[in-house]
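Asks: Could you have a look at this structure, given as structure tokens, before my questions?
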Amino acid sequence: VDVVVAFKTQDSPLRPQPGFFRAGDSLDNFEYNSLCQNNLANYLTHYPNDTRIGMVVRGCESRSVNALLVEKQHLRENLFLIGVPCEGIVDIRKIVERVGEEISNFDENDVEISVTVNGKKHTFARQELLHNSCLRCVHPNPIGADIILGEPLPEGDPTVVREAVESFEALSQQERY
């Protein structure tokens, strides 16, 4: 590939940014965790069709890439998709609400997320810090990836997605407005 689109570390422990790694680039600042918020599919259209792109994709990103492919925004034969099953993206705003912005360290596992603020460690249940959209995600596994890193996760409950729609539909027209 000519470029790998993934995530790289930044000065703030809560703000990994999209990274564009080319041949010979050091991967020392490559990062992947549940703070990686950007949908990397957005960067697909920044390159000409003949650019060979490697890209890290989660379930939602792989679906975005597929939509762009249908719209002829890039050529599938010039893509190498590295799929990663997604356990959800942490909503940074939820962390900042609880502890403020002076976070010096972030650590996570399957169940808990810990942050350090002014030398004091705060631990939260992972589920309470996830983006609302991740809480109702039905498809955490990437589709159409060339390689999958990790074990696929169970698919979500589709009835959870409908709950928000049904509650909105139950409102009067004035309440909807």
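Asks: Apply the Kirkwood formula to the chain: the hydrodynamic radius equals the inverse of the mean of 1/r over all pairs of different alpha-carbon atoms; give it in Å with one decimal.
Replies: Values: mean 1/r = 0.0554 Å⁻¹.
Answer for the chain: a Kirkwood hydrodynamic radius of 18.0 Å.
Asks: Mind checking the per residue accessible area of the chain for me, 1.4 Å probe, whole number of Å²?
Replies: Values: 10560 Å² over 177 residues.
Heavy-atom SASA per residue in the chain reads 60 Å².
Asks: If every alpha-carbon in segment 77-177 counts as one equal scatterer, what log10 I(q)/I(0) does Debye give at q = 0.12, 0.18 1/Å?
Replies: -0.61, -0.96
Asks: Suppose we keep just the DSSP beta bridges with both residues in the chain; what percent of those would be antiparallel, to 5?
Replies: Working: 19 of 29 bridges.
For the chain, the DSSP antiparallel bridge percentage is about 65.
Asks: Another question, if that's okay. Which chymotrypsin sites (Phe, Trp or Tyr not before Pro) in segment 62-160 sit in a loop by DSSP (not H, G, I, E or B) and have at most 13 other Cβ atoms within 10 Å of their own Cβ?
Replies: Values: sites: 80, 106, 124; in loops: none.
In loop regions of segment 62-160 (DSSP not H, G, I, E or B), there are no sparsely surrounded chymotrypsin sites (Phe, Trp or Tyr not before Pro).
Asks: Could you tell me which trypsin sites (Lys or Arg not before Pro) in segment 29-126 are loop residues by DSSP with no more than 16 other beta carbons within 10 angstrom of their beta carbon? Mind dumping the intermediate values first?
Replies: Working: sites: 52, 58, 63, 72, 76, 93, 94, 98, 120, 121, 126; in loops: 52, 58, 72.
Listed in order of number, the matching sites are 52, 72.
Asks: Here's another thing I want to ask about it. In segment 77-177, which GluC sites (Glu not before Pro) fall in coil by DSSP and have 11 or fewer other Cβ atoms within 10 Å?
Replies: Here the sparse-neighbourhood loop sites are 101, 102.
Asks: Then there is this: Say the dipole of segment 1-112 comes from +1 at the beta carbon of Lys and Arg and -1 at that of Asp and Glu; which of 81, 27, 69 then lies farthest toward its positive end?
Replies: Of 81, 27, 69, it is 69.
Asks: Turning to a different aspect of this structure: Using the Cα centre of the chain as the reference point, and only Cβ charges (+1 on K/R, -1 on D/E), how large is the resulting charge dipole? Debye, rounded to the nearest 20.
Replies: 280
Asks: Quick one: with all protein chains in place, what share of the accessible area of the chain is carbon or sulfur, to the nearest percent (1.4 Å probe)?
Replies: 50
Asks: Under the rule a/c < 1.5 gives rounded, and otherwise a/b versus b/c splits prolate from oblate, where does segment 26-69 land using the Cα gyration tensor?
Replies: On the way: a/c = 2.50, a/b = 1.27, b/c = 1.97.
Because a/c hits 1.5 or more and a/b fails to exceed b/c, segment 26-69 counts as oblate.
Asks: A further question on this structure: ³J(HN,Hα) across segment 149-156 via Karplus (A = 6.51, B = -1.76, C = 1.60, θ = phi - 60°), whole Hz, x for Gly/Pro?
Replies: Karplus-based 3J(HN,Hα) across segment 149-156 equals 9, x, 8, x, 9, x, 5, x Hz.
The values are calculated or read from the model by the stated rules, or taken from the named source; none is laboratory data. This is a predicted model, so every value here is computed, not measured. Reconstructed Cβ throughout: ideal geometry from the backbone, glycine too, with neighbour counts over all protein chains shown. To get the accessible areas, we keep the full protein, side chains included, count just its heavy atoms, and leave off ligands, DNA and RNA. Shrake-Rupley method; radii C 1.70, N 1.55, O 1.52, S 1.80 Å.
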